[in-house]
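Where a number appears in this text, it was derived from the coordinates with a stated rule and is not lab data. These numbers come from a predicted model, not from an experiment. All Cβ positions, glycine included, derive from the backbone under ideal geometry; neighbour counts span all protein chains shown.
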Amino acid sequence: MVQMWYMEAYPCGDPRLPHHMFPPKPITPDELTRKTGTQAFKCDMMDPVSWGKRVAIMKIERKFNGEDTYILDGANTVEFEEKIEELFEETENKEDQARMILEGAAYYDVEDCDGRWVRILCEYGDLIVIPAGKNIRFTTTPKNFVKMRRFFKTNS
């Protein structure tokens with residue numbers, strides 16, 4: 001199951017740490033969708049037919065016609081620390097986006113309707129769909145590695 005929780009209000013230090021509130025306040029996938037519009041799924045990567053259907057339906061529903069594979073690796077990515085800082089900057093996504101984790105792990109933070117940040121731990125087999133107009137940020141876990149499929153709309 002995809003793990004998600006409310007983050008502490010003013011996270012200090014390394015953004016690659018969990019930054020739970022105290023006491024921790026986990027939320028369910030239904031709460032995530034209600035409060036942010038974001039959908040989170042756990043795909044059975046051992047069943048290619050099952051996850052293939054999930055991806056195909058998502059691409060049709062969201063009109064995604066482009067995809068790529070993105071790797072962020074602390075050992076091999078040029079200027080990794082600068083890239084992490086850049087990706088952790090709060091930004092409003094202009095279009096729907098989806099990510100499926102193929103290896104490693106990462107955090108996606110999504111701002112809810114009350115201005116609080118929800119942290120989503122995305123690991124192998126996790127698929128998240130974030131709607132347009134949401135403030136988001138991204139970082140790896142302390143392992144500094146993630147490989148993902150990114151789904152998006154192209155202009156062609």
Of all helices (runs of 4 or more DSSP H) completely enclosed by the range 20-127, which ones contain at least 1 residues that are within 15 Å of the chain's Cα centre (by Cα) and under 22 Å from T141 (Cα atoms)? 29-36, 80-88
If I ask for residues that are touching a Phe, Trp or Tyr at 6+ places or on another chain (Cβ under 9 Å) and either of a type in the set (K, R) or surrounded by fewer than 17 Cβ atoms within 10 Å (Cβ to Cβ) (or both), which ones from the range 138-151 would you list? K147, R149, R150
Going through the range 128-148 one residue at a time, which ones are closer than 20 Å to M1 by Cβ and in a strand (DSSP E or B)? I128, V129, I130, V146, M148
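With the condition kept exactly as written, say whether any residue in the range 80-88 is touching a residue at least 60 places away in the same chain (Cβ under 8 Å) and surrounded by fewer than 14 Cβ atoms within 10 Å (Cβ to Cβ).
no
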Identify all residues within the range 110-133 that are buried (at least 20 other Cβ atoms within 10 Å of the Cβ) and not β-branched (V, I, T); write none if there are none. W117, R119, C122, D126, L127
